[in-house]
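Report on the structure given below.
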Amino acid sequence: MFSVRQIATYGCLALAVAYVSAVTDKATGITFKPRIGEKEVIGAGVRKKGPIKVYSVALYAAASLKERLSALSASREKKEALLSLSQGAGSDEPVTFLLNMNFKVGAEKMAKAISEAVAPRHKGAQSEVDELESLIFKGVEKKGAATKGTTMQFDCDETGVSVIVDESSQGRVDSDGLGCAFCEVYLDDNSVSQALRQNCIENWCME
């Protein structure tokens, strides 16, 4: 995938914003498709636990997010770009996070790891986080564990989070704040995948 800075060198910034191709996480070699529905892939990065590359994660959002990022400079306006990235996702625009496993993790451990990351960021009831954990566990437990190649899709918006495991819907948690909390797991300053945030900036911000 060409970054905006590469294409802009030839005076084609508008083409860069419109162009959508697959994105590959360099750390794992896992490739993510260009679109999920009408949402476009913004970037991808790895989630590590120590030296282990547990999974790759990609962010999908409306093209308007790319347009906002493309108006900012990665070197001079990185704070503004990161703020635009985190505020745009899960607040006023629906987004999707697609996880693709690179390392085998048990169903209970995987569900617990995600819920424990969401919980301190969620201002609503703990029962909503518990429900999210239950949906993840239900989807993964059917195959015994989150084995290499297992996908987990989380559709986040202002009214909740939908969970899809290996393209099979597991249900939805209706909550005013859960979608935003889930987004913060990957996009706030304490992101569990700094590589995802950096890749989004590199792909779409000007130099």
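Could you give every pair whose Cβ atoms fall below 9 Å, whose first residue belongs to region 19-44 and is at positive phi and loosely packed, with under 14 Cβ neighbours inside 10 Å, and whose second residue is part of a loop (DSSP other than H, G, I, E, B) and of a type outside the set (A, V, I, L, M), counting only separations of at least 6 or pairs across chains?
That search, which allows pairs on different chains as well, returns GLY29/ASN102.
Among the residues in region 130-150, are any within 26 Å of SER21 (Cα to Cα) and of a type in the set (Gly, Ala, Ser)?
Yes, the conditions are met somewhere in region 130-150.
Go through region 56-106 and give me each residue that's of a type in the set (S, T, N, Q) and more than 21 Å from GLY177 (Cβ to Cβ). Walk me through how you get there before you give the answer.
Of region 56-106, the ones of a type in the set (S, T, N, Q) are 56, 64, 70, 73, 75, 84, 86-87, 91, 96, 100, 102.
Of everything in region 56-106, those that are of a type in the set (S, T, N, Q) and more than 21 Å from GLY177 (Cβ to Cβ) turn out to be SER56, SER64, SER70, SER73, SER75, ASN100, ASN102.
Out of region 89-125, which residues are modelled with pLDDT under 95, more than 16 Å from ILE164 (Cα to Cα) and touching a strand residue (DSSP E or B) at 6+ places or on another chain (Cβ under 8 Å)?
Of everything in region 89-125, those that are modelled with pLDDT under 95, more than 16 Å from ILE164 (Cα to Cα) and touching a strand residue (DSSP E or B) at 6+ places or on another chain (Cβ under 8 Å) turn out to be ALA89, GLY90, GLU93.
Go through (1) among the small types (Gly, Ala, Ser); (2) modelled with pLDDT under 95; (3) more than 17 Å from ALA58 (Cα to Cα); (4) in a helix (DSSP H, G or I) one by one and return the number of the condition SER86 breaks.
(3)
Can you report the number of residues in region 190-207 which are without any contact (Cβ under 8 Å) to a residue 60 or more places away in the chain and touching a Lys or Arg at 6+ places or on another chain (Cβ under 7 Å)? Steps first, answer last, please.
Narrowing region 190-207 to residues without any contact (Cβ under 8 Å) to a residue 60 or more places away in the chain: 190-191.
Those left that are additionally touching a Lys or Arg at 6+ places or on another chain (Cβ under 7 Å): 191.
Qualifying residue count for the region: 1.
Considering LYS112, LYS79, which residue is basic (Lys, Arg), outside any loop (DSSP other than H, G, I, E, B) and within 16 Å of VAL185 (Cα to Cα)?
From the options LYS112, LYS79, the qualifying one is LYS112.
Among the residues of region 16-36, what is the count of those that are at pLDDT 95 or above and either over 21 Å from ILE114 (Cα atoms) or assigned to a loop (DSSP other than H, G, I, E, B) (or both)?
So the count comes out to 14.
Within region 148-207, take every residue that is of a type in the set (Lys, Arg) and surrounded by 15 or more Cβ atoms within 10 Å (Cβ to Cβ) and give me the one that is farthest from the chain's Cα centre (by Cα).
Selected residue: ARG172.
Kindly establish whether GLU40 is out of contact with any Phe, Trp or Tyr (no Cβ under 7 Å at 6 or more places or on another chain) and outside any loop (DSSP other than H, G, I, E, B). Can you show your working first?
On the way: out of contact with any Phe, Trp or Tyr (no Cβ under 7 Å at 6 or more places or on another chain): no; outside any loop (DSSP other than H, G, I, E, B): yes.
Judged against the criteria, GLU40 is not a match.
Determine if region 102-116 includes at least one residue that is under 16 Å from the mean Cα position of the chain (by Cα), under 26 Å from SER64 (Cα atoms) and either crowded, with 23+ Cβ neighbours inside 10 Å or in contact (Cβ under 8 Å) with a residue 24 or more places away in the chain (or both).
Checked region 102-116: no residue is under 16 Å from the mean Cα position of the chain (by Cα), under 26 Å from SER64 (Cα atoms) and either crowded, with 23+ Cβ neighbours inside 10 Å or in contact (Cβ under 8 Å) with a residue 24 or more places away in the chain (or both).
The values are calculated or read from the model by the stated rules, or taken from the named source; none is laboratory data. Model, not experiment: these values are computed from the prediction. Every residue, glycine among them, receives a Cβ derived from its backbone with ideal geometry; neighbour counts consider all protein chains shown.
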